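The values are calculated or read from the model by the stated rules, or taken from the named source; none is laboratory data. Quantities reported herein were computed from a predicted structural model and do not represent experimental measurements. Here Cβ is always computed from backbone atoms with ideal geometry, including for glycine, and neighbour counts include all displayed protein chains.
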Amino acid sequence: MVDSFRLSSIRSAIIYAMGADLEQLAAVAEVTGRLIDAVTDDQWGLPTPCEEWTVRDLVEHVVDGNDGFAAALLEPPGEIGATAALSGDPAGRYRRSVEELLRAFRQSEALERPVTVPFGTVPGAVALHLRITELLVHGWDLARATGQTVAFPDDVVEQELAFSLRALGDVGPGRRPFAPPEAVADDAAVIDRLAACLGRKVAGPPVGAG
């Protein structure tokens, strides 16, 4: 594995790989897709919890992330989709990216092979956790920016919160893909606890919707 991601032990690798499956990825992607579908024309320029990103920037990032993971998983590796800015049909581009992502993960032995993603070189099963987590937290970002309500399956969010807590312990602070954890109440909704774990401030009104 590259230096950007080190599993501390075989036991850690087994724990990372437990639980996540493609049905969970599809379910989470569907919820995030519905949030994107509901963005109105006047909301694309709103700020989000991700500093310097508008709603449009955030959706572009999610689409590019789906495409990047799909391209890395393909055997042999290849390019997926286009990197042009969203225009016309951002929801359609997102759903196309999800279809390609699921197709790539469904390849034979995709979850067992090592794959190089921005987080590092990891087993495919770990990459699956990473993608589910990113869709969860960016779905939360989008909901906060546009005043929507998130409805992710709590069991999947709990699973990815446990994964994130353990994974961040194996990554140096300077190499983490998210901001440092923020404080959150112990009895907060699990999606809020995941968002706080990954650097979001969960208190206060929605960022873009006032």
Inset, instruction - Within the stretch 159-170, track down each residue that is modelled with pLDDT under 90 and in contact with a Lys or Arg (Cβ under 8 Å, 6 or more places away or on another chain). - result: Leu168, Asp170
Legend entry - Total residues in the stretch 113-170, condition under 11 Å from the mean Cα position of the chain (by Cα) and charged (D, E, K, R): 4
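For Asp141, are the conditions met, namely being among the charged types (D, E, K, R), at pLDDT 95 or above and either farther than 25 Å from Asp155 by Cβ or part of a loop (DSSP other than H, G, I, E, B) (or both)?
no
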Legend entry - One residue from Ala143, Ala104, Ala127 being buried (at least 22 other Cβ atoms within 10 Å of the Cβ), within 21 Å of Asp42 (Cβ to Cβ), touching a residue at least 24 places away in the same chain (Cβ under 8 Å) and among the hydrophobic types (A, V, I, L, M, F, W, C): Ala143
Inset, instruction - Go through Gly78, Gly120 for me and flag whichever is crowded, with 18+ Cβ neighbours inside 10 Å and at pLDDT below 90. - result: Gly120
